[in-house]
Amino acid sequence: MKNFKLRILTNDSNVFEGEVVKLFTEDSDGKFEILANHSSLITMIIPCKTRFQSENGEEKILFISKGILKIHNKEVEILCESSEFKEEIDKDRAKKAKERAEKRLTEKSEDIDIKRAKAALLRAEIRLSISE
């Protein structure tokens with residue numbers, strides 16, 4: 001199989017840069033796969049489990065927060081708010097974040113930002129599902 005260059009960047013780090021064979025991620029339309037020679041594309045990705053296969057056959061799994069995925073000149077770039085490889089996810093922190101979000105969603109206070117709490121719950125659940 002042919003390879004393509006993948007770069008995953010956050011505001012403060014270069015999470016990954018290297019040659020990969022395939023990439024699986026998700027946008028608001030659903031899950032999709034990218035292979036070498038994919039047509040140009042710009043899409044908004046949602047918080048999700050992302051996987052890619054490196055040129056040596058190793059599969060890497062990571063959490064990607066919302067961001068932008070761009071394919072241009074046969075290179076893929078993901079610019080996201082945060083990203084963590086499976087082995088970097090702090091399970092205890094994710095569990096606490098999930099509990100906080102669930103608590104906020106059950107409270108009947110006008111001060112609670114429901115949309116923000118739901119987003120936090122989703123991110124925590126994805127991180128937990130990846131870490132297991």
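The values are calculated or read from the model by the stated rules, or taken from the named source; none is laboratory data. The shown structure was predicted, so the numbers you read here are calculated from the model rather than taken from an experiment. For neighbour counting, all protein chains shown are included, and Cβ atoms are generated from backbone atoms with ideal geometry for every residue, glycine included. Surface accessibility is based on the protein's heavy atoms, side chains included, excluding ligands, DNA and RNA. Shrake-Rupley method; radii C 1.70, N 1.55, O 1.52, S 1.80 Å.
As a calculated quantity, the FRET efficiency between Asn11 and Asn37 at R0 = 41 Å, using C-beta atoms, amounts to about 0.85. Between the stretch 45-68 and the stretch 114-129, the alpha-carbon centres lie 18 Å apart.
The spacing between the stretch 1-41 and the stretch 86-102, judged by their C-alpha centroids, is 25 Å. Just to confirm the number: angle between the C-alpha axis of helix 114-131 and the first principal axis of the chain, 0 to 90 degrees, nearest 10? Roughly 60 degrees between the two axes. Each residue was assigned an accessible area with a 1.4 Å probe, and for Leu35 the value is about 70 Å². Summing Cβ point charges (Lys, Arg +1; Asp, Glu -1) relative to the Cα centre of the stretch 53-126 gives a dipole of roughly 400 debye. For the pairs Lys66/Lys118; Lys60/Lys86; Lys31/Lys91; Lys2/Lys49; Lys66/Lys95; Lys31/Lys118, note any where the Cα-Cα span goes beyond 18 Å. In this structure, Lys31/Lys91; Lys2/Lys49; Lys66/Lys95; Lys31/Lys118 lie more than 18 Å apart at Cα. Backbone N atoms of the stretch 28-53 closer than 20 Å to the 7 Å Cα→Cβ label point of Glu132 belong to residues 47-51. Under a cut-off of 19 Å between alpha-carbon atoms, report the aspartates and glutamates in cross-link reach of Lys22, not counting same-chain residues fewer than 8 places apart. Cα-Cα hits under 19 Å: Glu33, Glu55, Glu58, Glu59, Glu75, Glu77, Glu84. Gyration tensor over the Cα atoms of the stretch 1-99: the corresponding equivalent ellipsoid has semi-axes (square roots of 5 times the eigenvalues, largest first) of 23, 15, 12 Å.
Per residue, the solvent-accessible area of the stretch 1-90 (1.4 Å probe, heavy atoms of protein chains only, all protein chains present) comes to 56 Å². About the centre of its Cα atoms, the stretch 22-64 shows a dipole size close to 80 debye [charges on the beta carbon of Lys, Arg (+1) and Asp, Glu (-1) only; nearest 20 debye]. For the chain, the 222 nm mean residue ellipticity estimated from helices alone, with every DSSP H stretch of n ≥ 4 adding -39500 (n - 2.57) and the total spread over all residues, rounds to -8500 deg cm²/dmol. Summing charges over neighbours of Ser131, with a neighbour being any other residue whose Cβ is under 15 Å away from its Cβ, gives +4 when K and R count +1 and D and E count -1.
Taking the 1.4 Å solvent-accessible surface of the chain as the whole, the part contributed by carbon and sulfur is 45%.
Normalised size of the stretch 60-126, defined as Cα radius of gyration per 2.2 N^0.38 Å with N residues, equals 1.39.
Charge dipole of the chain (Cα centre as origin; +1 on each Lys and Arg Cβ, -1 on each Asp and Glu Cβ, all else neutral): 280 debye, rounded to the nearest 20.
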